[in-house]
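The values are calculated or read from the model by the stated rules, or taken from the named source; none is laboratory data. Note that the structure is predicted; figures quoted are calculated from it, not measured. Glycine also receives a Cβ, built like all others from the backbone with ideal geometry; neighbour counts cover every protein chain displayed. For the accessible areas, the whole protein counts, side chains as well, though only heavy atoms, and no ligand, DNA or RNA atoms are used. Shrake-Rupley method; radii C 1.70, N 1.55, O 1.52, S 1.80 Å.
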Amino acid sequence: NILTGTLSSGLGSMTGLSILDLDTNYISGTLPAEVGSLGRLSELLLGDNELVGQLPWAQLSRLTGLTTLDVSQNYLNSTIGPEVGAMSSLVSLKLDNNYRLDDDEKLLSYG
């Protein structure tokens, strides 16, 4: 795909969504906190994009049915929040190959 742009906060109104797969595009900006409103979401696949900033761990932890979270290969400079421990359904967490924008130094490389 060649989707560009940012993720709108309006994403939070798509409450019936179970899978959001926007992998391998040119999506930039931050992951909006409103993603925490997607209560039926089981897979969030945003790898290989141009996302930046911090992940909204507090909001992500509200997704009790989330089994897969892939934000690998972006430009995130987030630490892994303690809230990830509450994500009891999570089976796959991909954070590898994220880089800081300021010095291109690897920050997250967990797989």
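Here are the numbers for the structure shown:
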quantity	calculated
Nitroxide proxy distance, nm - points 7 Å out along Cα→Cβ at residue 42 and residue 83	2.3 nm
Carbon + sulfur, % of accessible area of the chain - ligands and nucleic acids excluded, 1.4 Å	48 percent
Per residue, in Å², the accessible surface of the stretch 1-96 once ligands and nucleic acids are set aside, probe 1.4 Å	48 Å²
Counted charge near residue 45, where neighbours are those whose Cβ lies closer than 10 Å (Asp, Glu -1; Lys, Arg +1)	-4
Principal axis box of the chain, alpha-carbon based, largest edge first, Å	38, 30, 19
